[in-house]
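The values are calculated or read from the model by the stated rules, or taken from the named source; none is laboratory data. What you see is a predicted model; the values in this text were computed from it and never measured. Note that each Cβ is placed from the backbone with ideal geometry, even for glycine, and that neighbours are counted across all protein chains shown. Just the protein is used for accessible areas: all its heavy atoms, side chains included, with ligands, DNA and RNA removed. Shrake-Rupley method; radii C 1.70, N 1.55, O 1.52, S 1.80 Å.
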Amino acid sequence: MELTIFILRLAVYILAFPMYLLNFLGLWSWMCKKWFPYFLMRFSVMYNEQMASKKRELFSNLQEFAGPSGKLSLLEVGCGTGTNFKFYPPGCRVTCIDPNPNFEKFLIKSIAENRHLQFERFVVAAGENMHQVADGSVDVVVCTLVLCSVESQEQILREVCRVLRPGFVMLARLVSNFWPQVIHPSWPPKVLGLQA
């Protein structure tokens, strides 16, 4: 098994060499920010088709977490192109946060297609530093396909607990499996428990 992981890791490094070179030249970050939203828009259509029933189940009880006003205030961290919007309950107030400003035009399009939502705002920031979102100001935080790519999982979860209404408990299980070990061998399995 160790030999297999070593060989696959070597293959990933060889295939990723052009990215390392572009990063060394200072071009990779610009290219990713500019072109990643287009890639994600195409990928998310296929992903949502495969995950639709699971997402419907996952988000089916969101309205139960609505605050005293009866309206659900939701923060989506790493919102991307807004592919989760169609699964949110009607009247939900959505605030989006993503470090890539190039997602905004895709979010506007996604909001136009999901008129059952009330779009609050788009914040350009990393999940580890959401200081533009007030303490205890949201009922629900959604974070899908994001925790594996952040600088600090612990810091983003602290920020999530900070912005959630007081009294909520959040448990997140971050599991390292075969493929993450190939790509990034230092990802350890973790269970994080934080209380807001």
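Of all residues in segment 158-170, which are more than 10 Å from VAL77 (Cβ to Cβ) and not in a loop (DSSP other than H, G, I, E, B)? Show your work before the answer.
As a first pass, look at segment 158-170 and keep what is more than 10 Å from VAL77 (Cβ to Cβ): 158, 161-162, 164-170.
Those that are more than 10 Å from VAL77 (Cβ to Cβ) and not in a loop (DSSP other than H, G, I, E, B): ARG158, CYS161, ARG162, LEU164, VAL169, MET170.
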**Q.** Selection within segment 56-95 - outside any strand (DSSP E or B), under 25 Å from GLU128 (Cβ atoms) and open to solvent by 60 Å² or more (accessible area, probe 1.4 Å)
**A.** LEU58, PHE65
Q: Hey, could you check segment 60-82 for residues that are touching a residue at least 40 places away in the same chain (Cβ under 8 Å) and within 15 Å of the chain's Cα centre (by Cα) and say which is nearest to LEU117 (Cα to Cα)?
A: LEU74
Q: Collect the residues in segment 96-111 that are surrounded by fewer than 19 Cβ atoms within 10 Å (Cβ to Cβ) and not in a loop (DSSP other than H, G, I, E, B), keeping them in residue-number order.
A: PRO101, ASN102, GLU104, LYS105, ILE108, LYS109, ILE111
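Considering segment 13-56 alone, what residues qualify as being of a type in the set (Val, Ile, Thr) and at pLDDT 85 or above? Break it down stepwise before answering.
Filtering segment 13-56 for residues of a type in the set (Val, Ile, Thr) gives 14, 45.
Within segment 13-56, just ILE14 meets the criteria.
Could you list all residues from segment 112-149 that are part of a loop (DSSP other than H, G, I, E, B) and touching a Cys at 6+ places or on another chain (Cβ under 6 Å)? It would help to see each step written out before you state the result.
Step one: list which residues in segment 112-149 are part of a loop (DSSP other than H, G, I, E, B), which gives 114-117, 125-137, 139, 143-146.
Residue satisfying the conditions is LEU117 alone.
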